[in-house]
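Let me begin by presenting the structure, written as structure tokens, before commenting on it.
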Amino acid sequence: MKFLPFDHAIRNLGRSPKRLALVVAGSALVSFLLLGAVAFARGMESALAATGLATNALVLGAGSEESVERSEISPTTAEALAADIDGLAQVAGEPAVSPEIHLALPVSPLGRGAELDAPPVLVRGFESMAFAVHPQVRLAEGRWPARGADEIAAGIEAIAKVQGASLGSTVLVAGEPFEIVGVLAAPGTAMHGEFWMRLDRLALLTQRTTHSCVVAALGDADFDDIDAFTAMRLDLETVAMRESDYYARLTEFFAPIRMLVLVTAILISTGGVLGGVHAMYAAFASRVREAGTLQAIGFSRAAIAVSLTIESTVACVAGALLAAAAGLLFLDGLAIRFSMGSFGLSVDGPAVLAGLSAGVLLGLLGAVPAILRCLTLPIPSALRS
């Protein structure tokens with residue numbers, strides 16, 4: 001079978017610049033939406049995976065395996081765990097065991113919105129050993145809050161959640177004023193969007209007599225020993241799991257949200273698909289006589305169909321490439337903030353592949369109606385059209 005020259009299809013793209021622009025724009029819209037949806041899902045997954053370490057054991061209240069915010073354990077759990085388990089990681093001769101409180105509390109700027117219906121932000125109560133079990137966290141500016149003081153450290157994205165908040169400013173946490181004395185950074189993790197407060201001060205603020213969890217760096221210890229510890233100490237009513245497993249469960253919990261984002265992107269992009277198909281059909285429908293002429297001089301219908309498919313695919317892939325470039329420029333790393341912290345959109349290989357695949361698929365499908373319109377007529381009828 002004799003095919004039309006490749007440059008014949010490319011030259012035909014410039015015959016109607018307005019229609020070409022419409023096809024490219026439609027393809028770019030579809031690809032950009034799908035790329036953004038995949039980047040959302042990938043960003044959430046990677047942030048939660050980076051927050052939980054497989055080298056950490058998480059001890060929390062029995063029945064609260066899917067939400068550390070609902071967990072309540074005895075304040076003596078950390079001391080008992082450190083005393084009973086051999087081989088835990090050591091820092092300055094002390095076991096790396098961090099008791100913590102995790103709560104979503106309303107945070108608002110001082111002087112406005114003092115009511116408790118401000119957007120909730122995750123506030124983590126911590127002690128000094130928290131830095132040993134959470135090496136992803138570092139102090140970017142200022143200092144850490146002092147024990148017992150009305151002070152708080154804020155993640156970079158947590159500051160962005162509260163209008164007017166900055167290092168040295170005062171915010172209302174659950175209606176009480178706290179000065180932001182430090183800015184913490186934990187890029188690529190959900191902790192990037194948290195507020196950190198000293199454990200004793202957060203317990204006083206919320207009038208809690210219990211902790212949420214204990215995080216222990218395993219070091220040379222075996223996780224099974226910690227699991228056995230929680231099974232034998234029935235008085236503590238705790239369970240143990242690897243920190244990475246907890247955040248894997250949290251990822252599964254948010255799976256419906258990721259699916260909703262993807263489905264919404266597909267539904268919205270359907271309009272772009274229909275617009276692109278219509279534009280491609282209009283561009284090819286006026287070339288019925290050209291198709292008839294090519295058949296008359298010896299080119300088969302299959303060869304003409306291939307040429308038309310190349311035109312459609314090249315135009316749509318061009319739009320997909322524009323969408324990929326826009327995604328890398330404007331979406332990659334864009335922060336999405338929610339009550340559990342924050343995460344950045346991840347325009348990685350799978351996200352770019354999804355956008356480019358959408359462009360290729362749109363090019364192939366968009367050519368089908370036009371091919372049927374151009375090549376179903378008999379040659380005499382096509383030449384007279």
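For residue 21, are the conditions met, namely being closer than 21 Å to residue 345 by Cβ and aliphatic (A, V, I, L, M)? Taking the combined requirement at face value, the residue does not satisfy it. Output the qualifying pairs, or none if there are none: Cβ atoms under 7 angstrom, residues six or more apart or on different chains, first residue in the stretch 333-344 and farther than 18 Å from residue 184 by Cβ, second residue part of a strand (DSSP E or B) and at pLDDT below 80. Hits for this filter: 336/342.
Which ones in the stretch 103-116 are buried (at least 18 other Cβ atoms within 10 Å of the Cβ) and either modelled with pLDDT of 95 or more or farther than 18 Å from residue 209 by Cα (or both)? Across the stretch 103-116, the qualifying residues are 106, 107, 108.
Listed here are the residues, each with its yes/no results for (1) of a type in the set (Ser, Thr, Tyr); (2) in contact with a Gly (Cβ under 8 Å, 6 or more places away or on another chain); (3) part of a helix (DSSP H, G or I); (4) in the same structural domain as residue 103 (by TED's automatic domain parsing).
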{"site": "312", "(1), (2), (3), (4)": "yes, yes, yes, no"}
{"site": "316", "(1), (2), (3), (4)": "no, yes, yes, no"}
{"site": "320", "(1), (2), (3), (4)": "no, yes, yes, no"}
{"site": "330", "(1), (2), (3), (4)": "no, no, yes, no"}
{"site": "333", "(1), (2), (3), (4)": "no, yes, no, no"}
{"site": "336", "(1), (2), (3), (4)": "no, yes, no, no"}
{"site": "343", "(1), (2), (3), (4)": "no, yes, no, no"}
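Within the stretch 142-178, restricting attention to residues that are in a loop (DSSP other than H, G, I, E, B) and under 24 Å from the mean Cα position of the chain (by Cα), the residue that is surrounded by the most Cβ atoms within 10 Å (Cβ to Cβ) is 162.
So in the stretch 117-129, with the set limited to residues that are of a type in the set (Gly, Ala, Ser) and at pLDDT 80 or above, which one is farthest from residue 161 (Cα to Cα)? Looking at the filtered set, the residue picked out is 128. It is to be established whether one or more residues within the stretch 54-64 are among the hydroxyl-bearing types (Ser, Thr, Tyr), surrounded by fewer than 23 Cβ atoms within 10 Å (Cβ to Cβ) and either assigned by TED's automatic domain parsing to the domain that holds residue 346 or touching a Gly at 6+ places or on another chain (Cβ under 6 Å) (or both). Checked the stretch 54-64: no residue is among the hydroxyl-bearing types (Ser, Thr, Tyr), surrounded by fewer than 23 Cβ atoms within 10 Å (Cβ to Cβ) and either assigned by TED's automatic domain parsing to the domain that holds residue 346 or touching a Gly at 6+ places or on another chain (Cβ under 6 Å) (or both).
The values are calculated or read from the model by the stated rules, or taken from the named source; none is laboratory data. The model shown is predicted, which means the values in this text are computed figures rather than measured ones. All Cβ positions, glycine included, derive from the backbone under ideal geometry; neighbour counts span all protein chains shown.
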